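Some notes on the structure that comes next.
The values are calculated or read from the model by the stated rules, or taken from the named source; none is laboratory data. As the structure is a prediction and not an experimental result, all values here were calculated from the model. Backbone-built Cβ (ideal geometry, glycine too); neighbour counts: all protein chains shown. Note: accessible area is taken over every heavy atom of the protein model, side chains too, but ligands, DNA and RNA are not part of it. Shrake-Rupley method; radii C 1.70, N 1.55, O 1.52, S 1.80 Å.
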Amino acid sequence: MRAMLLSLVSFGLVLGSSSLRAQDDLRAVIDKAIKAQGGEEKINKHKAGHVKSKGTVDVQGMSIGFTEDASFHLPNKVRSVQELSINGASIKVMVGFDGKKAWLNVNGMDVDMMLDKITDLMNEQVYLSEVTRLTNLKDKKYELSALGDTKVQDKPAVGIRVANKGHKDINLFFDKGSGLLVKFEHRTMDINTQQEVNEERIIMEYQEKDGLKEAKKAVVNRDGKKYIEMEVLETKYVDDIDDTQFSKP
C-alpha cells in the first residue's frame, strides 16, 4: 500500500509538472500573438479611441446595411452610434455603457426596455475585449487550456480556451504561421430571441495602424449562420475621452 501511495504521489507530481509545462507552452502562443500584433508596449499604449466601420447584419431573413461610429475608453466604457437602412428607411441607434449601466436611444427616443439584459451584454463585451487584447492574459487569474490544432479559413491554427471565475469561457484561435489571432468564440445571449447562442468571430483580414496589426474585415456567425459582416474604415487613437461621452445623453 505504501508503495502504491508513493507511486500515486509520483504520478501526481509528473502530471503537475506536465501541466505547468503545458501552461508555459500556451503562454508562448499568446506571447507570439502579442509580438505579431505589434508588441505589448504598443498594444497597451492606446487607452481610448474612435472606430468607424460599415457592414451588413442578417436578421429575420433580411440583410440590413449599417454604418457604425464607435468610441471606447479602457477599461470599460463604450459608445456606439449606428445608422441602419431598413426597407428604405433610416434608423439611428445609439447605445452606451458607462462602466456600470447601459443606455439605449433609437431615433432620438430613449428605450428603457431590457436595459438590464443590455447591461449584461455590455459587461460581456467588455470582458471579451479584455481577453482578446491578449496582454491581459499574462495575469495568472486566467486559466489557459489547450484546444488542439484546427484550421481557420483553411489555414493551420491552434486553439486555447480561456477560463476566469465569474465569466464564460472564451476560445481563441491563432494562425500557426503568423501567430495572429484569427478567430474567437463564446456563448452569448441573442437579445432578439432571448436564447443563448454560440458566437464566433472570424478575422478575415488585418491592417496596420500606428505599428499595430488590427482587424480590418471580420465575419460574425451565430450557431453556424452568418450574422454580421463588417469592415473597419477608420481608426483613431486618442489619449482620453471625457466620461460624459459615455453617459446617457
If you go through the range 114-125 one residue at a time, do you hit one that is charged (D, E, K, R) and in a loop (DSSP other than H, G, I, E, B)? no
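If you check V78 against the conditions, is it touching a Phe, Trp or Tyr at 6+ places or on another chain (Cβ under 8 Å), in contact (Cβ under 8 Å) with a residue 24 or more places away in the chain and either closer than 27 Å to G224 by Cα or not in a strand (DSSP E or B) (or both)? I'd like the intermediate steps shown before the answer.
Details: touching a Phe, Trp or Tyr at 6+ places or on another chain (Cβ under 8 Å): yes; in contact (Cβ under 8 Å) with a residue 24 or more places away in the chain: yes; either closer than 27 Å to G224 by Cα or not in a strand (DSSP E or B) (or both): no.
Taking the combined requirement at face value, the residue does not satisfy it.
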I'm trying to understand the selection: among the residues of the range 177-223, which are in contact (Cβ under 8 Å) with a residue 24 or more places away in the chain, not in a strand (DSSP E or B) and not polar (S, T, N, Q)? G179, L180, I191, D210, G211, D223
Among the residues of the range 106-122, what is the count of those that are among the polar types (S, T, N, Q) and either closer than 24 Å to S90 by Cβ or surrounded by fewer than 10 Cβ atoms within 10 Å (Cβ to Cβ) (or both)? 1
Among (1) of a type in the set (V, I, T); (2) more than 28 Å from D120 (Cα to Cα); (3) open to solvent by 30 Å² or more (accessible area, probe 1.4 Å), V152 falls short only on (3)
